[in-house]
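Just so it is clear, none of the values below were taken in a lab; they were calculated from the coordinates. Quick caveat: nothing in here was measured; it's all calculated off a predicted structure. For neighbour counting, all protein chains shown are included, and Cβ atoms are generated from backbone atoms with ideal geometry for every residue, glycine included.
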Ligand code: ATP
Ligand code: MG
């Protein structure tokens, strides 16, 4: 399919006391219409800054220093080719029309997008009225329709509820409704489920996948979760210290990871199809950081046994949720919840 977004040699600098931080140092990748691209990489590698650049919502002390962000949904520029988002005025008319209209973003924390002071109906309706000339009644009808699509149990009643009355999962759904009510061509999801418990995470990811099919939008998914990548991504872009380390189709990346970081990371995902005699080995350097760290090799397991090893072995898995700064590698200690603390088990054949 055609290219919806092409980021070319993007550079983003932060002005900080005493100098400049180059957060994004020449990043290029593309997103095809309707596809899912996973943007992965350790904490601080520049994923969120890259995403904020695409929407031109960078913090005040940051600026795009170089590069292009070419967006072409067949509608901008009256269909006459891509618009370069990097050269638009961040608060100009063109950017305001794109933001929330053709490109939307959802975050880990729904209250980043939702106001506590207004009802869900007003907020989703307001998102419509920012982009379309419709009456309040029509906006409300569109909001209700979108709340139904994100599977609110009672969309009509949800219109009149306030965010604080909703569970975390429903708040996430309200944020998604607000982001998608104008049918954007691109949804950027910046760790959309990291703060949610595992069951709700799975529901929200399934919802995003279903909505993507319904609405025909592309998704740029920022995640630390390789299980999610394996499930959802068509293509994978790996960032490291402001640069692209590697990129490719999901199949390429999972079959042939060339970078040692990603390789270690992929091995840390327990597989359900282990060959006889394969075992899972903790990666020591990462174990101490609290990741889920298992590597398969071809040693018999348990040691001394023959090829009739277990189907699956999980050793000492620790998994940290909700720590914004807990990356895959070199994780800084964060205020996260240790959701899985030193779990080991094996499933026999
Ligand atoms: P995480 O997985 O933790 O969300 P990330 O890949 O999204 O990480 P970014 O938030 O994009 O990382 O940050 C990239 C880099 O940009 C940081 O390492 C930091 O050097 C710099 N940076 C981010 N925000 C600021 C800021 N407000 N002031 C100065 N530098 C910043
Ligand atoms: Mg981030």
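State the extension gain, in nm to one decimal, for the chain segment bounded by residue 157 and residue 20, taking 0.36 nm per residue of separation less the distance between their alpha-carbons.
44.4 nm
Could you compute how fast the stretch 114-158 diffuses translationally, taking Rh as the Kirkwood radius over C-alpha pairs and applying Stokes-Einstein at 37 °C with viscosity 0.692 mPa s? Give it in µm² per second.
Rounded, D is 313 µm²/s.
Give the average over all directions of the projected area of the C-alpha convex hull of the stretch 93-227, one decimal, in nm².
With every direction weighted equally, the projected area is 7.8 nm².
When the C-alpha atoms of the stretch 167-245 are aligned to their principal axes, what extent does each axis show, in angstrom, from largest down?
Principal-axis extents of the stretch 167-245 (Cα, largest first): 36, 28, 21 Å.
Quick one: Cα centre-to-centre distance for the stretch 136-157 and the stretch 1-52, in angstrom?
33
Rounded to the nearest 0.05, what FRET efficiency is calculated for residue 241 and residue 137 with R0 set to 56 Å and r the Cβ-Cβ distance?
0.65
Tell me the Kirkwood radius of the stretch 1-96: reciprocal of the mean inverse pair distance over distinct alpha-carbon atoms, in Å.
About 14.1 Å for the stretch 1-96.
What is the distance in Å between the Cα centres of the stretch 179-245 and the stretch 59-77?
The distance from the Cα centre of the stretch 179-245 to that of the stretch 59-77 comes to 20 Å.
Please list, short to long, the whole-number percent of alpha-carbon pairs of the stretch 69-148 in consecutive 5 angstrom bins beginning at zero.
Histogramming the stretch 69-148 at 5 Å steps yields 3, 13, 19, 21, 18, 15, 9, 1, 0 percent.
Of 147, 170, how do they rank once you tally other Cβ atoms within 10 Å and put the fewest first?
170, 147
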